[in-house]
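Notes follow the structure.
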Amino acid sequence: MSAAGSPRAPRPLPQWRRFRFPQSLYKYAAFLGSIWFVWWALDVLNIDLERLPGIFGRLGDVLATRYWPPDIAHIRQPEFIRSVVDTFQMSYVATVVGLLIAVPLAWFASYNMTPSRLLYPVARFVVMSARSVHEMIWTIVIVAIVGFGMLPGALAMMLFCIGFAGKLMAEAIESIRKGPVEAIRATGAGHLQVFVFAVLPQVRVAWAGIAIYTWDVVFRASTVVGFFGAGGMGHYLRESVQKVESRQVSAIILTIVVIVIVAELFSAWARARIAKAVA
């Protein structure tokens, strides 16, 4: 109602209209610039597009002559089955330890809830450093330091988990509502009490999904880090590749694909159950 008591006139609905100059010029210039950049990149990278039409036929011939049928007997060996179990264990340990470290780092690295402005840049730097280096590179570096085995794989996956989960968890904290936080602070609560009673209730569903998804990603990476000396299924994959045992390679790759699909289905089911339980 207005001051005079008469009802306000409804606002006119926005109407669609064409881009006019110079907005249309900017639009088409951006489109043409993108097309030109793709053409320039293909020319600089010397990508021969004429070879693409026959790539699927050649791929089918290679798979049929060299990688088929898979050597199922190789993946039924007790040693290989034990390596699958080791891969599960490595991914689980790396995820649990990484999440335990990522939770306080995410708290410190959130600009709206960090307990100290001195901790904020340090936590951000740790999360960004762990995330900026690929897990395979971490594996190569740690193998060079501590030697071959499951330890470098677990450490590399833990660093990846810290960077991956720490960033997502910090972003979840930065998107919370300020009302509950201000209410808890008004009671005289400290930083830890505010985090426990005002922040965690708002991010617990998102964090539960992030934790499950992090394990899913870590497990996928754990299946191949052994190729660089970290044990697990990747160790057998490297041996088969070096021996040019193509049918063993195809059997191991099929095993990895099946296990990753099962892990994906399990993680989706776990995310749904946890989100329903804590909602």
Residue ID - surrounded by the most Cβ atoms within 10 Å (Cβ to Cβ), chosen from residues in segment 115-135 that are over 24 Å from the mean Cα position of the chain (by Cα) and assigned to a loop (DSSP other than H, G, I, E, B)
Pro115
Subset of segment 252-269 [surrounded by 15 or more Cβ atoms within 10 Å (Cβ to Cβ) and modelled with pLDDT of 75 or more]:
Ile252, Ile253, Thr255, Ile256, Ile259, Ala263
Checked segment 136-185 for anything touching a residue at least 24 places away in the same chain (Cβ under 8 Å), surrounded by 15 or more Cβ atoms within 10 Å (Cβ to Cβ) and among the basic types (Lys, Arg); matches are Lys167
Quick check on Gly188: is it among the small types (Gly, Ala, Ser) and either closer than 16 Å to Phe160 by Cα or touching a residue at least 12 places away in the same chain (Cβ under 8 Å) (or both)?
no
Could you give every pair whose Cβ atoms fall below 7 Å, whose first residue belongs to segment 237-266 and is more than 9 Å from Thr223 (Cβ to Cβ), and whose second residue is acidic (Asp, Glu) and surrounded by 18 or more Cβ atoms within 10 Å (Cβ to Cβ), counting only separations of at least 6 or pairs across chains?
Ala263/Asp216; Glu264/Asp216
Please pick out the residue among Val249, Val225, Val194, Val218 that is in contact with a Cys (Cβ under 7 Å, 6 or more places away or on another chain), in a helix (DSSP H, G or I) and crowded, with 20+ Cβ neighbours inside 10 Å.
Val218
For segment 46-67, pairs from a residue that is under 23 Å from Leu237 (Cβ atoms) and touching a residue at least 24 places away in the same chain (Cβ under 8 Å) to a residue that is part of a helix (DSSP H, G or I) and hydroxyl-bearing (Ser, Thr, Tyr), with Cβ under 7 Å and 6 or more apart or across chains, are Arg66/Ser246; Tyr67/Ser246; Tyr67/Ser250
Single unsatisfied condition, Ala130 versus (1) closer than 30 Å to Arg185 by Cα; (2) free of Cβ contacts under 8 Å to residues at least 60 places away in the same chain:
(1)
Report, by residue number, each residue of segment 44-81 that is charged (D, E, K, R), assigned to a helix (DSSP H, G or I) and surrounded by fewer than 10 Cβ atoms within 10 Å (Cβ to Cβ).
Glu50, Arg51, Glu79
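The values are calculated or read from the model by the stated rules, or taken from the named source; none is laboratory data. None of these values were measured; they are calculated from a predicted model. Cβ coordinates were reconstructed from backbone atoms using ideal geometry, including for glycine residues, and neighbour counts include every protein chain displayed.
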